[in-house]
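To start, the structure under review is shown below, and the notes come after it.
The values are calculated or read from the model by the stated rules, or taken from the named source; none is laboratory data. Everything numeric in this text was worked out from a predicted model, so none of it was measured. Here Cβ is always computed from backbone atoms with ideal geometry, including for glycine, and neighbour counts include all displayed protein chains. These area figures cover heavy atoms from the full protein model, side chains too; ligands, DNA and RNA do not enter into them. Shrake-Rupley method; radii C 1.70, N 1.55, O 1.52, S 1.80 Å.
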Amino acid sequence: MPDKKKIFDVIAETERLIVRPLKSDDYQNWFNEFNNRFPSQYKHDKGRMDMSVCTEEWFHNLVEKHQELALSDVAHVFGIFRKEDGIHLGMVDFSTLARDIFQWARIGYSIHNQFWENGYCKEAVKEAVNLAFKELDFLRIEAHINLDNTPSINTAKSIGMEFECIRKGFIYENEEWTEHLGLLYKL
(Lines give C-alpha, C1' and ligand atoms only; values in the text may rest on other atoms or scores of the structure.)
Protein backbone atom coordinates (compact mmCIF):
# COMPACT_ATOMS: atom_id res chain seq x y z
CA MET A 1 0.00 0.00 0.00
CA PRO A 2 1.43 3.46 -0.89
CA ASP A 3 2.17 5.90 1.93
CA LYS A 4 -0.55 8.46 2.37
CA LYS A 5 0.81 12.01 2.51
CA LYS A 6 0.16 13.55 5.91
CA ILE A 7 -2.01 16.67 5.77
CA PHE A 8 -2.46 19.39 8.38
CA ASP A 9 -6.22 19.99 8.39
CA VAL A 10 -7.19 21.48 11.75
CA ILE A 11 -10.46 23.40 11.34
CA ALA A 12 -12.47 25.68 13.64
CA GLU A 13 -15.91 27.19 13.08
CA THR A 14 -17.94 30.00 14.56
CA GLU A 15 -21.51 30.96 13.76
CA ARG A 16 -20.33 32.98 10.72
CA LEU A 17 -16.79 31.81 9.96
CA ILE A 18 -14.55 28.87 9.12
CA VAL A 19 -10.87 29.03 10.10
CA ARG A 20 -8.79 26.43 8.25
CA PRO A 21 -5.59 25.90 6.30
CA LEU A 22 -5.63 27.06 2.69
CA LYS A 23 -6.23 24.41 0.02
CA SER A 24 -5.09 24.49 -3.60
CA ASP A 25 -8.66 24.93 -4.83
CA ASP A 26 -8.95 28.18 -2.78
CA TYR A 27 -6.79 29.98 -5.33
CA GLN A 28 -9.41 31.98 -7.24
CA ASN A 29 -11.30 32.97 -4.09
CA TRP A 30 -8.05 33.93 -2.30
CA PHE A 31 -6.75 35.85 -5.33
CA ASN A 32 -10.03 37.70 -5.91
CA GLU A 33 -10.27 39.02 -2.36
CA PHE A 34 -6.63 40.11 -2.21
CA ASN A 35 -7.17 41.76 -5.59
CA ASN A 36 -10.39 43.46 -4.39
CA ARG A 37 -8.74 45.21 -1.46
CA PHE A 38 -9.29 48.93 -1.16
CA PRO A 39 -6.28 51.25 -1.25
CA SER A 40 -4.46 51.47 2.08
CA GLN A 41 -6.70 52.91 4.78
CA TYR A 42 -3.93 53.77 7.27
CA LYS A 43 -0.23 53.25 8.01
CA HIS A 44 -0.44 49.55 8.96
CA ASP A 45 -2.84 48.50 6.19
CA LYS A 46 -1.08 47.14 3.11
CA GLY A 47 -4.16 47.86 1.02
CA ARG A 48 -3.98 46.86 -2.63
CA MET A 49 -0.96 44.79 -3.50
CA ASP A 50 0.72 43.77 -6.72
CA MET A 51 -0.74 40.32 -7.35
CA SER A 52 1.03 39.73 -10.69
CA VAL A 53 3.38 37.09 -9.25
CA CYS A 54 0.53 35.23 -7.54
CA THR A 55 -0.16 32.66 -10.24
CA GLU A 56 -2.02 29.45 -9.56
CA GLU A 57 1.30 27.55 -9.50
CA TRP A 58 2.72 30.11 -7.03
CA PHE A 59 -0.35 29.62 -4.82
CA HIS A 60 -0.03 25.79 -4.91
CA ASN A 61 3.57 26.20 -3.73
CA LEU A 62 2.36 28.52 -0.95
CA VAL A 63 -0.19 25.93 0.20
CA GLU A 64 2.51 23.24 0.23
CA LYS A 65 4.86 25.54 2.18
CA HIS A 66 2.11 26.20 4.76
CA GLN A 67 1.62 22.44 5.09
CA GLU A 68 5.36 21.86 5.61
CA LEU A 69 5.54 24.62 8.23
CA ALA A 70 2.54 23.18 10.11
CA LEU A 71 3.71 19.58 9.99
CA SER A 72 7.13 20.64 11.31
CA ASP A 73 5.43 22.84 13.98
CA VAL A 74 7.23 25.98 12.83
CA ALA A 75 4.06 27.91 11.93
CA HIS A 76 0.35 27.23 11.49
CA VAL A 77 -1.31 29.43 8.87
CA PHE A 78 -5.09 29.58 8.48
CA GLY A 79 -7.42 31.23 6.03
CA ILE A 80 -10.56 32.89 7.35
CA PHE A 81 -13.67 32.15 5.29
CA ARG A 82 -17.25 33.37 5.59
CA LYS A 83 -19.62 30.41 6.03
CA GLU A 84 -22.55 31.79 4.04
CA ASP A 85 -20.63 32.06 0.75
CA GLY A 86 -17.10 30.74 1.35
CA ILE A 87 -15.50 34.12 0.65
CA HIS A 88 -11.87 34.47 1.82
CA LEU A 89 -11.82 37.25 4.44
CA GLY A 90 -8.23 37.15 5.65
CA MET A 91 -5.60 35.14 7.51
CA VAL A 92 -4.52 34.22 11.02
CA ASP A 93 -1.28 32.46 11.91
CA PHE A 94 0.68 31.11 14.85
CA SER A 95 4.47 30.91 14.90
CA THR A 96 5.93 28.48 17.39
CA LEU A 97 8.36 30.36 19.63
CA ALA A 98 9.18 27.50 22.02
CA ARG A 99 7.84 24.08 22.99
CA ASP A 100 9.14 21.85 25.82
CA ILE A 101 8.08 23.45 29.10
CA PHE A 102 6.85 26.66 27.40
CA GLN A 103 4.27 25.76 24.68
CA TRP A 104 4.59 29.34 23.44
CA ALA A 105 3.44 30.96 20.17
CA ARG A 106 3.08 34.33 18.47
CA ILE A 107 -0.19 35.21 16.73
CA GLY A 108 -0.63 37.36 13.63
CA TYR A 109 -3.88 38.28 11.88
CA SER A 110 -5.35 40.39 9.11
CA ILE A 111 -8.71 40.91 7.45
CA HIS A 112 -8.97 42.29 3.91
CA ASN A 113 -9.90 45.94 4.31
CA GLN A 114 -13.06 45.61 2.21
CA PHE A 115 -14.49 43.47 5.06
CA TRP A 116 -13.60 45.72 7.99
CA GLU A 117 -16.25 46.90 10.47
CA ASN A 118 -18.13 43.57 10.49
CA GLY A 119 -16.57 41.99 13.58
CA TYR A 120 -14.88 39.28 11.50
CA CYS A 121 -11.38 39.86 12.90
CA LYS A 122 -12.42 39.61 16.56
CA GLU A 123 -14.55 36.52 15.84
CA ALA A 124 -11.81 34.78 13.84
CA VAL A 125 -8.98 35.60 16.24
CA LYS A 126 -10.96 34.49 19.28
CA GLU A 127 -11.77 31.14 17.62
CA ALA A 128 -8.21 30.73 16.34
CA VAL A 129 -6.85 31.23 19.87
CA ASN A 130 -9.25 28.53 21.12
CA LEU A 131 -8.00 26.27 18.33
CA ALA A 132 -4.37 27.01 19.26
CA PHE A 133 -4.99 25.96 22.85
CA LYS A 134 -7.13 22.89 22.12
CA GLU A 135 -5.60 21.51 18.90
CA LEU A 136 -2.07 22.91 18.73
CA ASP A 137 -1.33 22.54 22.47
CA PHE A 138 -0.06 26.06 23.07
CA LEU A 139 -0.37 27.45 26.60
CA ARG A 140 0.91 30.97 25.98
CA ILE A 141 0.10 33.15 22.96
CA GLU A 142 1.60 36.58 22.37
CA ALA A 143 0.75 39.35 19.95
CA HIS A 144 3.57 41.73 18.95
CA ILE A 145 1.93 44.93 17.71
CA ASN A 146 3.23 48.33 16.62
CA LEU A 147 2.49 50.88 19.36
CA ASP A 148 0.40 53.00 16.94
CA ASN A 149 -1.62 50.12 15.45
CA THR A 150 -4.79 50.87 17.42
CA PRO A 151 -7.14 48.56 15.46
CA SER A 152 -4.89 45.53 16.06
CA ILE A 153 -4.39 46.42 19.72
CA ASN A 154 -8.16 46.77 20.15
CA THR A 155 -8.73 43.36 18.53
CA ALA A 156 -6.21 41.69 20.82
CA LYS A 157 -7.66 43.32 23.93
CA SER A 158 -11.24 42.52 22.86
CA ILE A 159 -10.52 38.77 22.99
CA GLY A 160 -8.92 39.01 26.42
CA MET A 161 -5.23 39.55 25.66
CA GLU A 162 -3.51 41.58 28.35
CA PHE A 163 -0.63 44.04 28.32
CA GLU A 164 2.66 42.37 29.18
CA CYS A 165 5.39 44.77 28.06
CA ILE A 166 6.76 47.19 25.53
CA ARG A 167 9.59 45.61 23.58
CA LYS A 168 12.14 48.27 22.68
CA GLY A 169 13.92 47.97 19.34
CA PHE A 170 12.05 44.72 18.76
CA ILE A 171 11.53 44.45 14.99
CA TYR A 172 13.41 46.01 12.09
CA GLU A 173 10.77 47.78 9.98
CA ASN A 174 10.98 50.64 7.50
CA GLU A 175 14.77 50.84 7.92
CA GLU A 176 14.68 51.23 11.73
CA TRP A 177 14.27 49.15 14.87
CA THR A 178 10.75 49.71 16.18
CA GLU A 179 9.08 49.21 19.52
CA HIS A 180 6.23 46.75 19.80
CA LEU A 181 3.55 46.21 22.37
CA GLY A 182 3.61 42.71 23.86
CA LEU A 183 0.12 41.40 24.62
CA LEU A 184 -0.43 38.00 26.20
CA TYR A 185 -3.13 35.35 26.34
CA LYS A 186 -2.46 32.25 28.40
CA LEU A 187 -4.41 29.36 29.83
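For Glu179, nonlocal amide neighbours, meaning residues 5 or more places apart or on other chains whose placed amide H falls under 5 Å from its own, are Gly169, Phe170. With runs of 4+ DSSP H residues as the only contributors, calculate the mean residue ellipticity of the chain at 222 nm using -39,500 (n - 2.57) per run, divided by the residue total and rounded to the nearest 500. Calculated from helices alone, the mean residue ellipticity at 222 nm is -8000 deg cm²/dmol. Close amide H partners of Glu164, meaning residues 5 or more places away or on another chain with modelled amide H under 5 Å apart, are Gly182, Leu183, Leu184. Cα centroids of region 118-187 and region 24-56: 23 Å apart.
The string of couplings for region 56-63 from the Karplus curve (6.51, -1.76, 1.60, θ = phi - 60°) is 4, 5, 4, 5, 4, 5, 4, 4 Hz, one whole number per residue in order, with x for Gly and Pro. Taking the empirical scaling 2.2 N^0.38 Å for compact globular proteins as reference, region 125-180 has a Cα radius of gyration ratio of 1.28. Remark: the Phe163-Trp58 segment gains 34.0 nm on full extension, using 0.36 nm per residue and subtracting the alpha carbon distance. Rolling a 1.4 angstrom probe over region 105-187 with all protein chains present gives an accessible area of which 47% lies on carbon and sulfur atoms.
GluC sites (Glu not before Pro) within region 30-113: which are DSSP loop residues with at most 14 other Cβ atoms inside 10 Å? Passing both the DSSP loop test and the Cβ count: Glu84.
Considering all different alpha carbon pairs of region 1-80, the Kirkwood hydrodynamic radius works out to 14.5 Å.
Beta bridges assigned by DSSP with both partners in region 1-154 are antiparallel in approximately 85 percent of cases. Near Gln41, the amide H atoms lying under 5 Å from its own belong to Gly47; only residues 5 or more places off or on other chains count, and H is placed 1.01 Å from N.
Whole-Hz Karplus values for region 145-153 come out as 10, 3, 4, 9, 8, 4, x, 5, 4 Hz, taken residue by residue from phi with 6.51 cos²θ - 1.76 cosθ + 1.60 and θ = phi - 60°; glycine and proline positions read x. A full extension of the chain between Ile11 and Met51 corresponds to an added length of 11.7 nm, given 0.36 nm per residue minus the alpha carbon distance. Largest GNM mean-square fluctuation among Met161, Met51, Met91, using the chain with Cα springs under 10 Å: Met51.
Probing with 1.4 Å while keeping every protein chain in the model, the per residue accessible area of region 52-187 equals 52 Å². 3J(HN,Hα) couplings calculated from phi for region 79-93 with the Karplus curve 6.51 cos²θ - 1.76 cosθ + 1.60 (θ = phi - 60°) are, in sequence order, x, 10, 10, 7, 4, 4, 9, x, 5, 6, 9, x, 9, 9, 9 Hz; Gly and Pro show x. Looking at region 17-167, the pairs of alpha carbons with a distance over 27 Å make up 23% of the total.
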